[in-house]
Amino acid sequence: MSTQSRATARSGETLPDVADSARAARQLDRLKGRSSWRQRLELSFLLGPALILFVGFVILPIAVAVYYSIYKWNGFGPLKDVIGFANYKRAFSDSLFIRAIEHNVIIAVLSLVIQLPLSIAIALLINRKMRGRGFLRLVVFAPYVLSAAVTAVTWSLMLQPGGFVDQLFKNAGAGSWVHAWLGDTHIVLYTIFVVASWQYMGFGIVLLLAGLQGIPGELREAAALDGATPWQTTRMVILPLLGPTIRIWIFLSMIGSLQLFDLPWIMTNGGPAGASTTMATYLIDKGIHSYEYGYASAVSVILFVFCFIFALVYQRFALRRDTQGSLTRMAG
Amino acid sequence: MTSRTKRTTALRSTRSRQLAAISVVAIAALGLAACSSSKKTGSGTSATPTSNSSSTASTPSQAAPSGSSSAGGGQLNGGNPVTLTWWHNANTDPGKSAFQKVADDFHAAHPNITIKVQPFQNEDIKTKIPIALQGTPPDIFQQWGGGALAQQIQSGKLADITQYTQSWIGDLGKGAAGWAVDGKQYGVPYDYHVVGFWYRTDLFQKAGISAPPTTLDELIADVGKLKAAGIAPIALGGKDKWPDAFYWENFILKECPQNTIVSSLDAKKLSDPCFVKAGDDLKKLIDSKPFNDGFLSTSAQQGAGSSAGLLANGKAAMELQGDWEMAVIPPLTSDKDVASKMGFFPFPSVDGGQGTPGAALGGGDGFSCSTKAPDACAAFLQYLTSVPVETQLIQANAVTIPSNGNATSAISDPTLKKVLSYLQGVTYNQLYFDQYMTAAIGNAINDAVSNFMAGQGTSQGLADSVAKAASQ
């Protein structure tokens, strides 16, 4: 990464030259006319389908959700009851929605504090040359291949009272640890976090492994020659170079935490007593179950804004260095 | 069997499981999908069920009723050929074939009316119908009546079929009024439901209980006896929330007279003290800790670990559920004789309760017509609810308690006969509150009772939940 950015920086010195010739080329193009037409045609041909999909399935739905969100609307009949920002006000005065936000934040923080170090450790471990490495990698990644619905149903069965997990604890002589994993309002959110970790950590680990593969072996050798201990090598050489991958990991994990839906929805319906409600389960419950499409749209817009702001801020402050050079920007 | 399970599950589970696709913009996307998807379903897949049908229609007995009920004089739809799309939630056998046969037989009697059957999984149909009503709705579709029906009418896409049904709707008893709004018939029920306690006669015996409880105090005493015998007294599917609400609603029926309940629900404000008392009764029951371990996360009908599964496998002694329980239970256990071990008793009374005698909690399944060819649709519903067809549906295990009282003689199971005679003695069958009220209020009630079961909130808060939801 860093070599790349240095390269762009150096090329900047020769910029006037390049710019001149580019300008000349453009003028030439304009004279020809034909090739610029071809360029446009090519552009619209290549970008068109993606643009149509993006506008139709991303931009437009967001716009429509914003539009619905200012109405009190049950999904039937015409939109006529404009209530302005009342839906938004209602969301922020509903204690269940506030709790849902807290739950999302708890999951996000736990991911950072528990999942990330664990993922890095496992990635470092199975990055070493050892027997059965391929198999271990497969095992780690396997849960991610399952659909969330399958994961949720399987874990629900294992976690039910007297189920597999309870038996496991009892047979290990830790019968007093047995709880109503999904039925206790104080525990359920953490149970879901464990299941989510089981499912999604594999993906993060593969991501980190790919990052580790990109670190040249020479650096490690050089560090070893200089007398660095393995721990020092890891801390001073490997982890800093893994930085871009970790930052992407955090980004994906945070967005995933904010949008957490399928596991709690299937395992608990957001219950008991709202103890595992997330913003996404809340909005689906209000839309599909309560026929409050206007209100649910407002909640979906709030969720979108949260994710969007996070993405922008993170992009601006954390990811900028990593993506430099790989993103094109407007000239000027 | 499975189909029936699903279908009956159907009735009561707007809210259970199943994931809907989710993105930040899910809601908006659904709205957009409405226009296109409803059209697609109209013609797209319909060929398959129709071709299936030819086999089912020709093989079984020809004893099936054919011309039993054509709707008076004149040709349906002016004699012009028309194809009606029929959405129902019996997406597995035996219900699927049974309904297909009804559609085929009707077509044979009225060659100009073709019915294209579109079975959907219950959770799917519940999301598809409101969306379809924003675009082109199916011509005949599943309808549970009540507040949701009243909301759907606002779309202007539901047909008022009063003029076609008035000559025969009386055959379906008073319950048919649940599919009417402001005296206009917008749908027709084909079966009815009633809620009560299902119990294991063998476990009651084991715990030394000689007769089912008739009062709350007796029930609590029996809970103690069952616990002493090491048996979980009551199974409860708290994850699905609506089974929780059954308790509070039944206590209300015991504490409050009919006119108080109906007027309060209609006013969307439960201010009478009897509603708070019902919450206190429920608290008293909860305090006796009668429910299975982890009932807050137990589902109602899915698998052996569900509340119905616990009852089916003798892991719990009672469950408060509708008549559909007898269809839900058998597939959840390997015990072939489970049906013979089941008994039924009405919800116990409370001391000093002002409830109207003969009041019960229930509902039913039915269908609505959209505005295209309402006369043909109504004639079809008349045919569907006629004695020969209902008899055929009962025998095929697609219906438990028919809406047409004259078809009830087809019920053969002794326990169901008891349920039937209980239902026949019911003078006031209150539709489940969550269905009676608009969806938003109904959902709020279920949430409030579910929280109450988890030890959160007060009896007063329960009663207030209705007015609070109504104000939003």
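The values are calculated or read from the model by the stated rules, or taken from the named source; none is laboratory data. Predicted model, so just to flag it, every value in this text is computed and none were measured. Every residue, glycine among them, receives a Cβ derived from its backbone with ideal geometry; neighbour counts consider all protein chains shown. Just the protein is used for accessible areas: all its heavy atoms, side chains included, with ligands, DNA and RNA removed. Shrake-Rupley method; radii C 1.70, N 1.55, O 1.52, S 1.80 Å.
Quick check on my filter: what residues within the stretch B:114-165 are open to solvent by 40 Å² or more (accessible area, probe 1.4 Å), of a type in the set (Ser, Thr, Tyr) and part of a loop (DSSP other than H, G, I, E, B)?
B:Thr136 - this is the single residue of the stretch B:114-165 that is open to solvent by 40 Å² or more (accessible area, probe 1.4 Å), of a type in the set (Ser, Thr, Tyr) and part of a loop (DSSP other than H, G, I, E, B).
When the residues of the stretch A:62-71 are filtered to those that are of a type outside the set (Val, Ile, Thr) and surrounded by 17 or more Cβ atoms within 10 Å (Cβ to Cβ), which remaining residue is farthest from the other protein chains (Cβ to nearest Cβ)?
Once the filter is applied, the top-ranked residue is A:Tyr71.
Given the structure, is A:Ile126 touching a residue at least 60 places away in the same chain (Cβ under 8 Å) and touching a Lys or Arg at 6+ places or on another chain (Cβ under 8 Å)?
When the stated conditions are applied, A:Ile126 passes them.
For the stretch B:331-340, enumerate the residues that are in a helix (DSSP H, G or I) and over 16 Å from B:Asp202 (Cα atoms).
Filtering the stretch B:331-340 down to residues in a helix (DSSP H, G or I) leaves B:331-332, B:338-340.
Hits for the stretch B:331-340 are B:Pro331, B:Leu332.
Can you pull out the residues in the stretch A:107-132 that are surrounded by 16 or more Cβ atoms within 10 Å (Cβ to Cβ) and either not in a helix (DSSP H, G or I) or not polar (S, T, N, Q) (or both)?
If the condition is that a residue be surrounded by 16 or more Cβ atoms within 10 Å (Cβ to Cβ) and either not in a helix (DSSP H, G or I) or not polar (S, T, N, Q) (or both), then A:Ile107, A:Ala108, A:Leu110, A:Leu116, A:Ile120, A:Ile122, A:Ala123, A:Leu124, A:Ile126 are the ones that fit.
Name the single residue that is surrounded by the most Cβ atoms within 10 Å (Cβ to Cβ) among those in the stretch B:433-464 being touching a Leu at 6+ places or on another chain (Cβ under 9 Å) and assigned to a loop (DSSP other than H, G, I, E, B).
If we take residues in the stretch B:433-464 being touching a Leu at 6+ places or on another chain (Cβ under 9 Å) and assigned to a loop (DSSP other than H, G, I, E, B), then B:Met437 is surrounded by the most Cβ atoms within 10 Å (Cβ to Cβ).
Which of the residues that make up the stretch A:36-84 are part of a helix (DSSP H, G or I) and touching a Phe, Trp or Tyr at 6+ places or on another chain (Cβ under 7 Å)?
Selection gives A:Ile62, A:Tyr68.
Do the conditions hold for B:Thr400, that is, is it surrounded by fewer than 21 Cβ atoms within 10 Å (Cβ to Cβ), at pLDDT below 90 and in contact with a strand residue (DSSP E or B) (Cβ under 9 Å, 6 or more places away or on another chain)? Walk me through how you get there before you give the answer.
On the way: surrounded by fewer than 21 Cβ atoms within 10 Å (Cβ to Cβ): no; at pLDDT below 90: yes; in contact with a strand residue (DSSP E or B) (Cβ under 9 Å, 6 or more places away or on another chain): yes.
No: the conditions fail for B:Thr400.
Determine if the stretch A:85-93 includes at least one residue that is outside any helix (DSSP H, G or I), more than 14 Å from every other protein chain (Cβ to nearest Cβ) and within 21 Å of A:Tyr282 (Cα to Cα).
Yes, some residue in the stretch A:85-93 is outside any helix (DSSP H, G or I), more than 14 Å from every other protein chain (Cβ to nearest Cβ) and within 21 Å of A:Tyr282 (Cα to Cα).
Do we have A:Phe135 as in contact with a helix residue (DSSP H, G or I) (Cβ under 6 Å, 6 or more places away or on another chain) and open to solvent by 60 Å² or more (accessible area, probe 1.4 Å) here?
It is false that A:Phe135 is in contact with a helix residue (DSSP H, G or I) (Cβ under 6 Å, 6 or more places away or on another chain) and open to solvent by 60 Å² or more (accessible area, probe 1.4 Å).
Are any of the residues in the stretch A:167-174 open to solvent by less than 20 Å² (accessible area, probe 1.4 Å) and either within 23 Å of A:Ile122 (Cβ to Cβ) or within 14 Å of chain B (Cβ to nearest Cβ) (or both)?
No, every residue in the stretch A:167-174 fails to be open to solvent by less than 20 Å² (accessible area, probe 1.4 Å) and either within 23 Å of A:Ile122 (Cβ to Cβ) or within 14 Å of chain B (Cβ to nearest Cβ) (or both).
Could you say which residue among A:Ile192, A:Ile205 is touching a Ser or Thr at 6+ places or on another chain (Cβ under 7 Å), open to solvent by less than 60 Å² (accessible area, probe 1.4 Å), assigned to a helix (DSSP H, G or I) and over 25 Å from A:Asp322 (Cα atoms)?
From the options A:Ile192, A:Ile205, the qualifying one is A:Ile192.
Every residue in the stretch B:366-384 that is open to solvent by 10 Å² or more (accessible area, probe 1.4 Å), part of a helix (DSSP H, G or I) and more than 10 Å from B:Val188 (Cα to Cα), please.
Passing the criteria: B:Pro374, B:Asp375.
Right, B:Glu255: more than 14 Å from every other protein chain (Cβ to nearest Cβ) and buried (at least 24 other Cβ atoms within 10 Å of the Cβ) or not?
Values: more than 14 Å from every other protein chain (Cβ to nearest Cβ): yes; buried (at least 24 other Cβ atoms within 10 Å of the Cβ): yes.
Yes.
When the residues of the stretch B:221-240 are narrowed to those that are open to solvent by 40 Å² or more (accessible area, probe 1.4 Å) and either of a type in the set (D, E, K, R) or under 28 Å from the mean Cα position of the chain (by Cα) (or both), which ends up nearest to the other protein chains (Cβ to nearest Cβ)?
Selected residue: B:Lys227.
Select, from B:Ala410, B:Ala467, the only residue that is surrounded by fewer than 19 Cβ atoms within 10 Å (Cβ to Cβ), without any contact (Cβ under 8 Å) to a residue 24 or more places away in the chain and among the aliphatic types (A, V, I, L, M).
Details: B:Ala467 fails: without any contact (Cβ under 8 Å) to a residue 24 or more places away in the chain.
One residue alone meets the criteria, B:Ala410.
Would you mind finding the one in B:Gly363, B:Gly343 that is assigned to a strand (DSSP E or B), in contact with a Phe, Trp or Tyr (Cβ under 7 Å, 6 or more places away or on another chain) and crowded, with 20+ Cβ neighbours inside 10 Å?
None of the other options fit; the residue is B:Gly363.
Test B:Ala278 against the stated conditions and say whether it is of a type outside the set (Lys, Arg), closer than 24 Å to B:Ala439 by Cα, in the same structural domain as B:Asp202 (by TED's automatic domain parsing) and crowded, with 24+ Cβ neighbours inside 10 Å. If you could, list the steps in order and put the result at the bottom.
On the way: of a type outside the set (Lys, Arg): yes; closer than 24 Å to B:Ala439 by Cα: yes; in the same structural domain as B:Asp202 (by TED's automatic domain parsing): yes; crowded, with 24+ Cβ neighbours inside 10 Å: yes.
In short, yes.
Could you please find all residues in the stretch B:412-432 being among the aliphatic types (A, V, I, L, M), more than 18 Å from B:Pro243 (Cβ to Cβ) and assigned to a helix (DSSP H, G or I)?
B:Leu416, B:Leu420, B:Leu423 - these are the residues of the stretch B:412-432 that are among the aliphatic types (A, V, I, L, M), more than 18 Å from B:Pro243 (Cβ to Cβ) and assigned to a helix (DSSP H, G or I).
Go through the stretch B:131-143 and count every residue that is within 13 Å of chain A (Cβ to nearest Cβ) and either under 18 Å from the mean Cα position of the chain (by Cα) or among the acidic types (Asp, Glu) (or both).
Qualifying residue count for the region: 0.
How about the stretch B:350-360: which of its residues are under 28 Å from B:Pro189 (Cβ atoms) and open to solvent by 10 Å² or more (accessible area, probe 1.4 Å)?
Of the stretch B:350-360, the ones under 28 Å from B:Pro189 (Cβ atoms) are B:355-360.
Matches in the stretch B:350-360: B:Gly355, B:Thr356, B:Pro357, B:Gly358, B:Ala359.
Can you pull out the residues in the stretch A:268-295 that are open to solvent by less than 10 Å² (accessible area, probe 1.4 Å), at the interface with another protein chain (Cβ under 8 Å from one of its Cβ atoms), closer than 23 Å to A:Ile106 by Cβ and assigned to a helix (DSSP H, G or I)?
A:Thr268, A:Ala280, A:Leu283, A:Ile284
Can you tell me which residue among A:Glu13, A:Glu102 is acidic (Asp, Glu), open to solvent by 60 Å² or more (accessible area, probe 1.4 Å) and either within 30 Å of A:Tyr295 (Cβ to Cβ) or modelled with pLDDT of 90 or more (or both)?
A:Glu102
With the structure loaded, tell me whether B:Gln302 is in the same structural domain as B:Asp139 (by TED's automatic domain parsing) and buried (at least 23 other Cβ atoms within 10 Å of the Cβ) or whether it fails that test. I'd like the intermediate steps shown before the answer.
Working: in the same structural domain as B:Asp139 (by TED's automatic domain parsing): no; buried (at least 23 other Cβ atoms within 10 Å of the Cβ): yes.
It is false that B:Gln302 is in the same structural domain as B:Asp139 (by TED's automatic domain parsing) and buried (at least 23 other Cβ atoms within 10 Å of the Cβ).
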